[in-house]
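A quick write-up on the structure given underneath.
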Amino acid sequence: MNKSITGRHFELTDTIKAYADAAIEGLKKYNLDIISANTVISANEKNGKKGFSTEFIINLKDKNTIVITQNDKDVYAAIDLAIERVKKALRRHSDKIKNHRIMSFADLGLEAEAVTELESDEIEIVPMDLELHKPLDFDEAIEALKAEKKRQFIVFNDASGTMRVMYKRADGKFGLY
């Protein structure tokens with residue numbers, strides 16, 4: 001991981017640099033591929049009040065850049081608050097990666113095989129209430145699929161009266177049978 005700690009309108013001391021460096025080193029525990037971590041500490045003065053602004057710019061391998069800015073009267077407090085926010089963002093990203101579920105058969109890889117036999121002889125069909133009072137047209141079917149989180153497909157009648165099936169694909173697009 002490349003680290004850069006700079007001061008803007010402010011002379012950084014070795015203790016402040018060491019403090020910010022130690023805070024950045026604590027980010028390694030999330031086991032994410034952090035490409036670079038840039039820290040910009042600047043002194044601000046508004047209406048005669050002095051304060052400090054700390055900005056962390058974290059570049060991850062598979063995600064866009066995380067940018068956190070924190071203002072405080074004390075430089076160490078600004079670093080602490082900013083690094084806690086960075087840790088929260090990295091923790092959320094790490095949890096999202098760990099909880100990722102495979103969404104399509106192609107995502108399983110080359111070793112995946114299709115199920116050729118059912119394990120039980122009984123096939124149970126569970127009826128589902130579609131809550132439809134009239135046949136859907138094409139645009140209504142798309143909107144219904146976009147709004148649904150659990151349902152993967154929807155049946156509707158097209159303009160010619162033919163029954164069609166629209167489904168969500170793993171890449172977020174819609175397929176049509």
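I'd like to know if the range 76-88 contains one or more residues that are closer than 16 Å to I35 by Cα and assigned by TED's automatic domain parsing to the domain that holds T6.
Residues of the range 76-88 that are closer than 16 Å to I35 by Cα, as a first pass: 86-87.
With the extra rule that they be assigned by TED's automatic domain parsing to the domain that holds T6, the set shrinks to 86-87.
Yes: the range 76-88 contains one or more residues that are closer than 16 Å to I35 by Cα and assigned by TED's automatic domain parsing to the domain that holds T6.
Here is a list: D129, D74. Which entry is acidic (D, E), under 30 Å from F10 (Cβ atoms) and modelled with pLDDT under 95?
On the way: D129 fails: under 30 Å from F10 (Cβ atoms).
Testing whether each residue is acidic (D, E), under 30 Å from F10 (Cβ atoms) and modelled with pLDDT under 95 leaves just D74.
I'd like the residue in the range 2-25 that is polar (S, T, N, Q) and closer than 16 Å to T69 by Cα and, out of all such residues, is nearest to the chain's Cα centre (by Cα). Quick ask: steps written out before the conclusion?
To start, the set of residues in the range 2-25 that are polar (S, T, N, Q) comprises 2, 4, 6, 13, 15.
From what is left, the residues that are closer than 16 Å to T69 by Cα are 4, 6.
Details: S4: 25, T6: 29 Å.
Among residues in the range 2-25 that are polar (S, T, N, Q) and closer than 16 Å to T69 by Cα, the one nearest to the chain's Cα centre (by Cα) is S4.
When you scan the range 13-48, how many residues do you find that are touching a residue at least 12 places away in the same chain (Cβ under 8 Å) and either surrounded by fewer than 19 Cβ atoms within 10 Å (Cβ to Cβ) or of a type outside the set (G, A, S) (or both)?
Step one: of the range 13-48, the residues touching a residue at least 12 places away in the same chain (Cβ under 8 Å) are 16-17, 19-21, 23-24, 26-28, 30-44.
After this cut, where a residue has to be either surrounded by fewer than 19 Cβ atoms within 10 Å (Cβ to Cβ) or of a type outside the set (G, A, S) (or both) as well, the list is 16-17, 19, 21, 24, 26-28, 30-36, 38-44.
Going through the range 13-48 one residue at a time, the tally reaches 22.
The values are calculated or read from the model by the stated rules, or taken from the named source; none is laboratory data. Every value quoted in this text rests on a predicted model; they were computed, and no experiment measured them. Note that we place each Cβ from the backbone using ideal geometry, even for glycine, and neighbour counts take in every protein chain shown.
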